[in-house]
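These notes concern the structure reproduced below.
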Amino acid sequence: MLRKLVMYLSAFLPMFLIMWIKEILLGIRNVLDKPWKYSWKSIYLNPYLIGEIIVIFLVGLILFCLLKRNQRTSVYTITLKTVKNRSAEYYLAYYSLFILALIEFSLTDPIDLTVLSLLLLVLGVVYIKNDLFFMNPTVNIFQSYIYEVEYETHRTTISKLIISPVKLSEGNIIDIDVSEFEFTFFRRKHEDRD
């Protein structure tokens with residue numbers, strides 16, 4: 001359950017980082033516009049902003065460790081029978097997540113934090129119940145494509161989501177990680193069979 005929670009929270013890391021930067025910039029603007037009312041300490045000693053950057057860092061570190069542990073498992077070499085690029089479908093889902101950063105949420109306002117927490121709780125239930133762990137912009141920033149592929153192993157056809165930095169097509173022979181998740185990562189491409 002911990003890995004599912006970390007995968008869910010990590011999907012929002014870019015959004016939280018954008019919102020954190022927004023709060024910093026608003027603080028700088030306040031100091032420059034009204035130096036008699038605000039000080040630089042109101043920015044760098046703000047407990048909300050300190051707490052947020054700590055959470056962003058910890059969730060990012062745990063995600064990195066989870067993905068590294070996942071890559072230490074064994075590797076399958078497979079031949080792709082069918083390949084469907086699903087990147088565009090999930091782009092819209094990512095886009096909707098980042099709309100939250102543009103809404104007038106303030107990470108330093110307790111009421112906004114409560115509303116945002118409730119919204120994230122509702123989204124989290126849907127995300128975790130439906131195993132939407134591949135819908136994670138943090139993971140996909142470095143791995144550009146999401147493919148739904150089919151391959152055969154022991155005369156059984158298996159369908160899997162693969163996150164890959166390179167374009168894949170039918171007939172490609174690739175290595176993938178044996179994953180604990182409902183998706184896996186591309187490792188490397190072999191020469192295609194004739």
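The values are calculated or read from the model by the stated rules, or taken from the named source; none is laboratory data. A quick note: this is a predicted structure, and the numbers were derived from the prediction, not measured. Counting neighbours? That spans all protein chains shown, and the Cβs are built from the backbone with ideal geometry, glycine included. Just so you know, the surface numbers come from the protein's heavy atoms only, side chains and all, with ligands and any DNA or RNA stripped out. Shrake-Rupley method; radii C 1.70, N 1.55, O 1.52, S 1.80 Å.
I want to confirm something. Restricting to the range 167-178 and keeping residues that are within 17 Å of residue 153 (Cα to Cα) and surrounded by fewer than 19 Cβ atoms within 10 Å (Cβ to Cβ), which single residue is modelled with the highest pLDDT?
Just the residues of the range 167-178 that are within 17 Å of residue 153 (Cα to Cα), to begin with: 170-178.
Applying the additional criterion that residues be surrounded by fewer than 19 Cβ atoms within 10 Å (Cβ to Cβ) yields 170-171, 173, 175, 178.
Working: 170: 91, 171: 88, 173: 88, 175: 86, 178: 74.
Filtering first and then ranking leaves 170.
Might you check whether a residue that is surrounded by 11 or more Cβ atoms within 10 Å (Cβ to Cβ), in a helix (DSSP H, G or I) and at pLDDT 85 or above occurs anywhere in the range 30-39? Before the answer, list the steps.
Step one: filter the range 30-39 for residues surrounded by 11 or more Cβ atoms within 10 Å (Cβ to Cβ), giving 30-31, 38-39.
Checking the rest, the ones that are also in a helix (DSSP H, G or I) come to 30-31.
If we keep only those that are at pLDDT 85 or above too, we end up with 30-31.
Among the residues of the range 30-39, at least one is surrounded by 11 or more Cβ atoms within 10 Å (Cβ to Cβ), in a helix (DSSP H, G or I) and at pLDDT 85 or above, which makes the answer yes.
What number of residues within the range 120-137 satisfy the criterion of being modelled with pLDDT under 75 and β-branched (Val, Ile, Thr)? Don't jump to the end; show me each part of the working.
We begin by selecting, within the range 120-137, every residue modelled with pLDDT under 75; these are 131-137.
Remaining after also requiring β-branched (Val, Ile, Thr): none.
Residues meeting the conditions: 0.
From 151, 145, which residue is farther than 16 Å from residue 64 by Cα, modelled with pLDDT under 80 and surrounded by 15 or more Cβ atoms within 10 Å (Cβ to Cβ)?
Numbers: 151 fails: modelled with pLDDT under 80.
Result: 145 is the single residue among 151, 145 that is farther than 16 Å from residue 64 by Cα, modelled with pLDDT under 80 and surrounded by 15 or more Cβ atoms within 10 Å (Cβ to Cβ).
Out of 80, 58, report the one residue that is open to solvent by 70 Å² or more (accessible area, probe 1.4 Å) and at pLDDT 85 or above.
Details: 80 fails: open to solvent by 70 Å² or more (accessible area, probe 1.4 Å).
Going through 80, 58 in turn, just one is open to solvent by 70 Å² or more (accessible area, probe 1.4 Å) and at pLDDT 85 or above: 58.
For residue 73, indicate whether it is open to solvent by less than 60 Å² (accessible area, probe 1.4 Å) and at pLDDT below 85.
Values: open to solvent by less than 60 Å² (accessible area, probe 1.4 Å): yes; at pLDDT below 85: yes.
Spelling it out, residue 73 is indeed open to solvent by less than 60 Å² (accessible area, probe 1.4 Å) and at pLDDT below 85.
Just to be sure, is residue 42 of a type in the set (Gly, Ala, Ser), more than 16 Å from the chain's Cα centre (by Cα) and either at pLDDT 80 or above or assigned to a loop (DSSP other than H, G, I, E, B) (or both)? Reasoning before the result, please.
Details: of a type in the set (Gly, Ala, Ser): yes; more than 16 Å from the chain's Cα centre (by Cα): yes; either at pLDDT 80 or above or assigned to a loop (DSSP other than H, G, I, E, B) (or both): no.
Judged against the criteria, residue 42 is not a match.
Among the residues of the range 83-119, which ones are open to solvent by less than 50 Å² (accessible area, probe 1.4 Å) and modelled with pLDDT of 80 or more?
Those that are open to solvent by less than 50 Å² (accessible area, probe 1.4 Å) and modelled with pLDDT of 80 or more: 83, 112, 113, 116.
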